[in-house]
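Q: Handing you a structure now.
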Amino acid sequence: MLDDFMIRAALAGVGTALAAAPLGCFVVWRRMAYFGDATAHAAMLGVALALAFETSVFGGVLAAALLMGVTVTTLSGRGFAADTVLGVLAHSSLAIGLVAVSFLSGIPIDLMGYLLGDILAVGKSDLAVIWGGALAVNALIAWRWSALLTATVGSDLAKASGMDPQREQLALTLCLAVTVAIAIKVVGVLLIAALLVIPAATARSLSRTPEAMAVTAAGLGSLAALGGLGLSYRLDTPTGPTIVSLAAAMFLASVLITGLRQTT
Amino acid sequence: MTASEPLVAIRGLSVRLGDHDILANIDLDIHPREIVTVVGPNGSGKSTLVRAIIGALRPSRGSIARRPGLRLGYVPQKLHIDPTLPMTVARFLSLPNRRRAQDIADALHTAGLPDLHGRQMSALSGGQFQRVLLARALLEQPDLLLLDEPTQGLDQPGSAAFYHRIEEVRERVGCAVLMISHELHVVMSASDRVVCLNGHVCCHGTPEVVATAPEYRALFGTGTQGALALYRHTHDHAHDHDHPQPEHHHKDHAI
């Protein structure tokens, strides 16, 4: 069954969506969208490093994303304007990554594949990495769920209950790095943040509790992955962007439906 | 556990934020079942004191000793729940620990609310929101309830009602209360002890003692005397034995 590239692509898409959705809810609730962007863009630097040192791309991306996440968290904790710091780091790491990759002469590089994903080229080992990562991310979030949610509602509330909001932030940073590392194959550096934010934002108007929103986002994300894969096959369009476009269409539909419901 | 053993013992506490000593050399004990009110002008470090007690701010000097196993119920001055976060009242009350439906209903009742557990937090009025925060703090079964300007956004009768409710809660739950307020004259009547704060402890004692203290008058003027009488009510129980005799003196601090 896994010998069919479409089956592998479908499993990769769903696995990535499942990793991204609950995490994406926290990205939305904590206004970390730009943070997600910066972490994802750092992945390009990770790709360059991995190719230069001939290690696995997954490892390189994971390290770069983690480094970026910790750097941003530390800097914004020290009173730098988070928005500006993120803007500087997000785009410079992408640019430097691209420049670094161009130095690697002699290695044939599918640059578009890293930027926009190449889900149809997912192999069996990629699948193992994606599903392993997705399980790890969701296990960590499930384990920390209550503390994460309390810290998201109010860090002082968490403190008063004896929790450490900074440790929860670190857990999210770790999840984000893993998700970036597994999603790069599916949607590429440029669109990872979209996979985090859009299903979660769509799920918002359909949910009454945080748990419902996380589950709904996972469902919507998977639907977008499968639907986008099918559409791109039929229309012969690039798969990653098609998945994100479909997710965006779902978001638009949810906004319109909510708007209509409120006016009637 | 003895009544004389303080829940929280603060000794020589200083908190420095950036280049400023927000609090300098604070000594304060909070004993079981007493209601202590902290008053002070804006920027006097009232919220900083509460945040230091819950552990959100680290002392730059001095110490805060909490009785081992002390349970805190914290009602923040304001809480902004991001509109992207769907949250029913029941779910909010189950943060961080899952609560039984019956406990949630009881806490809402104690906080003076109808059973609106299915309501979205974003759909609550300011007063309801504040009382939901109180209900959540009560569900922690606190030994010490910390209230940071709990009546912001309430009108004066609303505030007075809220303070009466806090007294009822103290009777029912048996917790101590540390309350911060800028509504000096309203809050004082419900307090066993008042601490007047302005970076340091200016004066402290019973409401009457503080209201007539020259340091207090220097900070707030004398215009609140009539209002204090207006909201004054008689205590039909005694709890003065729980804490040291009220004292009233001024401390000079070299900051």
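The values are calculated or read from the model by the stated rules, or taken from the named source; none is laboratory data. As the structure is a computational prediction, the values presented were derived from the model and not from experiment. All Cβ positions, glycine included, derive from the backbone under ideal geometry; neighbour counts span all protein chains shown. Side chains are part of the model used for accessible areas, which takes the heavy atoms of the whole protein and leaves out ligands, DNA and RNA. Shrake-Rupley method; radii C 1.70, N 1.55, O 1.52, S 1.80 Å.
Q: Go through (1) of a type in the set (S, T, N, Q); (2) without any contact (Cβ under 8 Å) to a residue 40 or more places away in the chain; (3) in contact with a Leu (Cβ under 8 Å, 6 or more places away or on another chain) one by one and return the number of the condition residue A:152 breaks.
A: The one condition residue A:152 does not meet is (2).
Q: Out of the residues in the range B:56-68 that are within 13 Å of another protein chain (Cβ to nearest Cβ) and open to solvent by 70 Å² or more (accessible area, probe 1.4 Å), state the one that is farthest from residue B:153 (Cα to Cα).
A: So, considering only residues that are within 13 Å of another protein chain (Cβ to nearest Cβ) and open to solvent by 70 Å² or more (accessible area, probe 1.4 Å), the one farthest from residue B:153 (Cα to Cα) is B:68.
Q: I've got another one for you. Got a sec? Which of A:160, A:200 is aliphatic (A, V, I, L, M), open to solvent by less than 20 Å² (accessible area, probe 1.4 Å), in contact with a strand residue (DSSP E or B) (Cβ under 8 Å, 6 or more places away or on another chain) and within 13 Å of another protein chain (Cβ to nearest Cβ)? So that I can check it myself, show each step before the final result.
A: On the way: A:200 fails: in contact with a strand residue (DSSP E or B) (Cβ under 8 Å, 6 or more places away or on another chain).
Exactly one residue qualifies, and that residue is A:160.
Q: Restricting attention to the range A:80-87, does a residue exist that is in contact with a Leu (Cβ under 7 Å, 6 or more places away or on another chain), open to solvent by less than 60 Å² (accessible area, probe 1.4 Å), within 14 Å of chain B (Cβ to nearest Cβ) and closer than 24 Å to residue A:167 by Cα? Don't jump to the end; show me each part of the working.
A: Kept after step one, since they are in contact with a Leu (Cβ under 7 Å, 6 or more places away or on another chain), are these residues of the range A:80-87: A:85.
This time we only want the ones that are open to solvent by less than 60 Å² (accessible area, probe 1.4 Å), so: A:85.
After this cut, where a residue has to be within 14 Å of chain B (Cβ to nearest Cβ) as well, the list is none.
No, there is no match, as no residue in the range A:80-87 is in contact with a Leu (Cβ under 7 Å, 6 or more places away or on another chain), open to solvent by less than 60 Å² (accessible area, probe 1.4 Å), within 14 Å of chain B (Cβ to nearest Cβ) and closer than 24 Å to residue A:167 by Cα.
Q: I need a count of the residues in the range A:203-228 that are buried (at least 24 other Cβ atoms within 10 Å of the Cβ) and under 13 Å from residue A:12 (Cα atoms).
A: 4
Q: Within the range A:127-146, track down each residue that is surrounded by fewer than 19 Cβ atoms within 10 Å (Cβ to Cβ) and among the small types (Gly, Ala, Ser).
A: Of everything in the range A:127-146, those that are surrounded by fewer than 19 Cβ atoms within 10 Å (Cβ to Cβ) and among the small types (Gly, Ala, Ser) turn out to be A:128, A:132, A:136, A:139, A:142, A:146.
Q: Taking the stated definitions as given, is residue A:67 surrounded by fewer than 19 Cβ atoms within 10 Å (Cβ to Cβ) and modelled with pLDDT of 85 or more? Please lay out each step first, then the result.
A: Working: surrounded by fewer than 19 Cβ atoms within 10 Å (Cβ to Cβ): yes; modelled with pLDDT of 85 or more: yes.
Spelling it out, residue A:67 is indeed surrounded by fewer than 19 Cβ atoms within 10 Å (Cβ to Cβ) and modelled with pLDDT of 85 or more.
Q: Which one of these is more than 14 Å from chain A (Cβ to nearest Cβ) and either surrounded by 19 or more Cβ atoms within 10 Å (Cβ to Cβ) or under 22 Å from residue B:190 (Cα atoms) (or both): B:32, B:86, B:114? Give the derivation first.
A: Details: B:86 fails: more than 14 Å from chain A (Cβ to nearest Cβ); B:114 fails: either surrounded by 19 or more Cβ atoms within 10 Å (Cβ to Cβ) or under 22 Å from residue B:190 (Cα atoms) (or both).
So the residue among B:32, B:86, B:114 that is more than 14 Å from chain A (Cβ to nearest Cβ) and either surrounded by 19 or more Cβ atoms within 10 Å (Cβ to Cβ) or under 22 Å from residue B:190 (Cα atoms) (or both) is B:32.
Results for (1) hydrophobic (A, V, I, L, M, F, W, C); (2) assigned by TED's automatic domain parsing to the domain that holds residue B:203, shown as yes or no for each residue.
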site	(1), (2)
B:21	no, yes
B:38	yes, yes
B:47	no, yes
B:83	no, no
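Q: Got a sec? Which of B:138, B:146, B:93 is buried (at least 17 other Cβ atoms within 10 Å of the Cβ), facing chain A (nearest Cβ under 9 Å), of a type in the set (A, V, I, L, M, F, W, C) and within 21 Å of the chain's Cα centre (by Cα)? Don't jump to the end; show me each part of the working.
A: Working: B:138 fails: facing chain A (nearest Cβ under 9 Å); B:93 fails: facing chain A (nearest Cβ under 9 Å).
Selected residue: B:146, the only one of B:138, B:146, B:93 that is buried (at least 17 other Cβ atoms within 10 Å of the Cβ), facing chain A (nearest Cβ under 9 Å), of a type in the set (A, V, I, L, M, F, W, C) and within 21 Å of the chain's Cα centre (by Cα).
Q: Quick one: which residue in A:143, A:131 is over 17 Å from residue A:28 (Cα atoms), out of contact with any Leu (no Cβ under 7 Å at 6 or more places or on another chain), within 14 Å of another protein chain (Cβ to nearest Cβ) and of a type outside the set (A, V, I, L, M)? If you could, list the steps in order and put the result at the bottom.
A: Working: A:131 fails: within 14 Å of another protein chain (Cβ to nearest Cβ).
Criteria check complete, one pass: A:143.
Q: Could you list, ordered by first residue, the pairs with Cβ atoms under 6 Å in which the first is in the range B:204-216 and within 16 Å of residue B:35 (Cα to Cα) and the second is among the hydroxyl-bearing types (Ser, Thr, Tyr) and at pLDDT 80 or above, at least 6 apart or interchain?
A: Taking only residues 6 or more apart or on different chains, the pairs are B:207/B:191.
Q: In the range A:9-45, what count of residues is obtained for those that are touching an Asp or Glu at 6+ places or on another chain (Cβ under 8 Å), under 17 Å from residue A:186 (Cβ atoms) and surrounded by fewer than 24 Cβ atoms within 10 Å (Cβ to Cβ)?
A: 0
Conditions (1) within 22 Å of residue A:154 (Cβ to Cβ); (2) at pLDDT 90 or above; (3) part of a loop (DSSP other than H, G, I, E, B), marked per residue:
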site	(1), (2), (3)
B:15	yes, yes, no
B:21	no, no, no
B:26	no, yes, no
B:29	no, yes, no
B:36	no, yes, no
B:41	no, no, yes
B:44	no, no, yes
B:50	yes, yes, no
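Q: Among the residues in the range A:254-263, are any touching a Pro at 6+ places or on another chain (Cβ under 9 Å), more than 14 Å from chain B (Cβ to nearest Cβ) and open to solvent by less than 50 Å² (accessible area, probe 1.4 Å)? Before you say what the answer is, go through the steps one by one.
A: Of all residues in the range A:254-263, those touching a Pro at 6+ places or on another chain (Cβ under 9 Å) come to none.
Checking the range A:254-263: not a single residue is touching a Pro at 6+ places or on another chain (Cβ under 9 Å), more than 14 Å from chain B (Cβ to nearest Cβ) and open to solvent by less than 50 Å² (accessible area, probe 1.4 Å).
Q: Okay, moving on. Can you confirm whether residue A:91 is more than 14 Å from chain B (Cβ to nearest Cβ), open to solvent by 70 Å² or more (accessible area, probe 1.4 Å) and either within 26 Å of residue A:200 (Cβ to Cβ) or touching a residue at least 24 places away in the same chain (Cβ under 8 Å) (or both)? Spell out the reasoning first.
A: On the way: more than 14 Å from chain B (Cβ to nearest Cβ): yes; open to solvent by 70 Å² or more (accessible area, probe 1.4 Å): yes; either within 26 Å of residue A:200 (Cβ to Cβ) or touching a residue at least 24 places away in the same chain (Cβ under 8 Å) (or both): yes.
Considered against the rule, which asks whether it is more than 14 Å from chain B (Cβ to nearest Cβ), open to solvent by 70 Å² or more (accessible area, probe 1.4 Å) and either within 26 Å of residue A:200 (Cβ to Cβ) or touching a residue at least 24 places away in the same chain (Cβ under 8 Å) (or both), residue A:91 comes out as yes.
Q: Also, quick follow-up: Would you point out which residue out of A:62, A:149, A:75 is of a type outside the set (Gly, Ala, Ser), away from chain B (no Cβ under 14 Å) and buried (at least 20 other Cβ atoms within 10 Å of the Cβ)? Steps first, please.
A: Working: A:149 fails: away from chain B (no Cβ under 14 Å); A:75 fails: buried (at least 20 other Cβ atoms within 10 Å of the Cβ).
Testing whether each residue is of a type outside the set (Gly, Ala, Ser), away from chain B (no Cβ under 14 Å) and buried (at least 20 other Cβ atoms within 10 Å of the Cβ) leaves just A:62.
Q: Determine whether the range A:174-185 contains at least one residue that is more than 8 Å from every other protein chain (Cβ to nearest Cβ), open to solvent by 10 Å² or more (accessible area, probe 1.4 Å) and farther than 30 Å from residue A:110 by Cβ.
A: no
Q: On to the next question. Suppose we keep only residues that are charged (D, E, K, R) and modelled with pLDDT of 90 or more within the range B:69-83. Which one would you say is surrounded by the most Cβ atoms within 10 Å (Cβ to Cβ)?
A: First pass over the range B:69-83, keeping only residues charged (D, E, K, R): B:71, B:78, B:82.
Keeping just the survivors that are modelled with pLDDT of 90 or more gives B:71, B:82.
Numbers: B:71: 17, B:82: 13.
Here the residue is B:71.
Q: Mind telling me which of the residues B:126, B:43, B:62 ends up being more than 22 Å from residue B:11 (Cα to Cα) and not β-branched (Val, Ile, Thr)?
A: Answer to the check: B:126.
Q: Only one of A:228, A:219, A:154 is closer than 21 Å to residue B:84 by Cβ, away from chain B (no Cβ under 13 Å) and at pLDDT 90 or above; which? If you could, list the steps in order and put the result at the bottom.
A: On the way: A:228 fails: closer than 21 Å to residue B:84 by Cβ; A:154 fails: away from chain B (no Cβ under 13 Å).
The match here is A:219.
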